[in-house]
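Single-structure report; data block below.
The values are calculated or read from the model by the stated rules, or taken from the named source; none is laboratory data. All values derive from a computational prediction rather than experimental measurement. A quick note on method: Cβ atoms are made from the backbone with ideal geometry, for glycine too, and the neighbour counts reach across all protein chains shown. The accessibility values were calculated without ligands, DNA or RNA, using every heavy atom of the protein model including side chains. Shrake-Rupley method; radii C 1.70, N 1.55, O 1.52, S 1.80 Å.
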Amino acid sequence: MEPSPSGEKEEGVGRFRDSEHQHTRYNPLRDDWVLVSAHRVKRPWQGQLEKPPPEDVPRWDPNNPLCPGATRVNGEVNPQYEGTFVFPNDFPALQPDAPEPGDSDHPLFRAAAARGVCKVMCFHPWSDLTLPLMSLAEIRAVIDAWAELAAELGASYPWVQIFENKGAMMGCSNPHPHCQVWASSFLPNEARLEDRTQRQHLRQHGMPMLLEYAEQEAHRKERLVVENADWLVVVPYWATWPYQTLLLPRRHVCRLQDLHEGERDSLASIMQRLLIKYDNLFEVSFPYSMGWHGAPTGPYLEEDCGHWQLHAHYYPPLLRSATIRKFMVGYEMLAQAQRDLTPEQAAERLRSLPEVHYKQRSKEMS
């Protein structure tokens with residue numbers, strides 16, 4: 001008899017507790033499994049310690065290529081922008097005019113064309129700000145710019161990937177609030193996988209997977225972090241990273257550009273609340289990689305994509321403190337993903353954190 005990972009269940013040898021006993025959980029969005037071993041977080045740590053992010057980032061630095069008025073590596077000078085600023089990536093991974101690869105002489109050695117465009121979007125002119133420290137109006141401007149880019153690039157490209165790498169730990173090379181937008185002539189692996197699993201779920205169950213999942217999590221509440229009238233954030237039941245979260249709309253929405261005015265306002269609010277909690281967890285500018293997934297675009301705009309539900313993934317690496325991260329190595333690389341605390345434990349810890357940023361609390365107390 002298999003134990004249920006939620007709560008407790010009698011077994012042949014004692015009582016199962018998900019916070020004490022290892023078990024696997026199924027991820028229907030990726031059609032794979034994660035090993036949950038919550039007892040491992042108690043083990044002593046003598047491994048690598050990360051450097052906390054610097055607290056003294058200058059507001060403006062002429063040598064930072066993302067700052068207003070700075071000169072980028074290609075010689076172009078940024079305008080004195082006061083809000084968001086979008087420009088072509090100076091080192092694009094995708095270009096619109098790449099030639100076709102030649103025909104393969106063997107099925108084990110296949111290649112295919114890859115074309116696209118890559119853009120950078122600055123959230124704010126100040127380098128010492130991050131999204132949780134920006135105002136709701138400033139975050140709303142970021143959301144509007146995201147939606148505009150998704151619609152503009154999605155008019156011709158099948159996939160538009162908006163993503164933010166926050167912090168040097170996640171590969172961010174410039175201390176300035178910004179993200180990247182890559183539009184591709186093909187569906188990347190994660191998009192193809194989510195398209196298949198969501199299509200299959202709708203066919204089998206008659207309801208979009210993540211719409212049904214949001215309703216279930218809103219009712220169960222054990223993995224809920226924050227919510228409002230239009231959105232909810234959960235540590236997903238199948239989370240891989242320690243404090244991974246999933247941001248979901250309550251109504252059926254296929255693409256970012258489909259959000260109405262009120263939903264964009266409430267999205268700004270819930271993003272700010274989540275990201276403040278992230279920073280408050282270890283009182284550090286919390287590193288993560290995040291990105292939006294929605295229905296494919298380009299030629300798919302003419303197809304029925306009702307199986308898709310818009311959502312954003314947040315993948316933070318920190319595990320125990322601002323200096324101890326989760327490493328995806330060994331078993332994770334060679335067998336399957338493994339996490340060191342339950343999603344319920346992570347959600348409870350995030351949920352209990354204050355929604356006033358620790359830096360703002362420090363200012364109020366001084």
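At a glance:
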quantity: Sole exception among (1) under 28 Å from A322 (Cβ atoms); (2) of a type in the set (A, V, I, L, M); (3) outside any helix (DSSP H, G or I) for M169, by number; calculated: (3)
quantity: Members of segment 206-241 that are closer than 21 Å to Q345 by Cα and of a type in the set (D, E); calculated: E215, E217, E222, E227
quantity: Residue satisfying condition, being open to solvent by 10 Å² or more (accessible area, probe 1.4 Å), modelled with pLDDT of 95 or more and not basic (K, R), within set S269, S321; calculated: S269
quantity: Residue match in segment 357-365 (condition: open to solvent by less than 50 Å² (accessible area, probe 1.4 Å) and either farther than 21 Å from A239 by Cβ or modelled with pLDDT under 95 (or both)); calculated: yes
quantity: Extreme residue, nearest to W60 (Cα to Cα), among residues of segment 173-186 that are open to solvent by 30 Å² or more (accessible area, probe 1.4 Å) and of a type outside the set (S, T, N, Q); calculated: P175
quantity: Any hit, segment 52-65, residues being touching a helix residue (DSSP H, G or I) at 6+ places or on another chain (Cβ under 8 Å), open to solvent by less than 80 Å² (accessible area, probe 1.4 Å) and modelled with pLDDT under 95; calculated: yes
quantity: Any hit, segment 257-266, residues being under 15 Å from the mean Cα position of the chain (by Cα) and open to solvent by less than 10 Å² (accessible area, probe 1.4 Å); calculated: no
quantity: Residues within segment 189-231 that are open to solvent by less than 10 Å² (accessible area, probe 1.4 Å) and among the acidic types (D, E), tallied; calculated: 2
quantity: Options E332, E344, E355; residue that is farther than 27 Å from S135 by Cβ, in contact (Cβ under 8 Å) with a residue 40 or more places away in the chain and of a type outside the set (K, R); calculated: E344
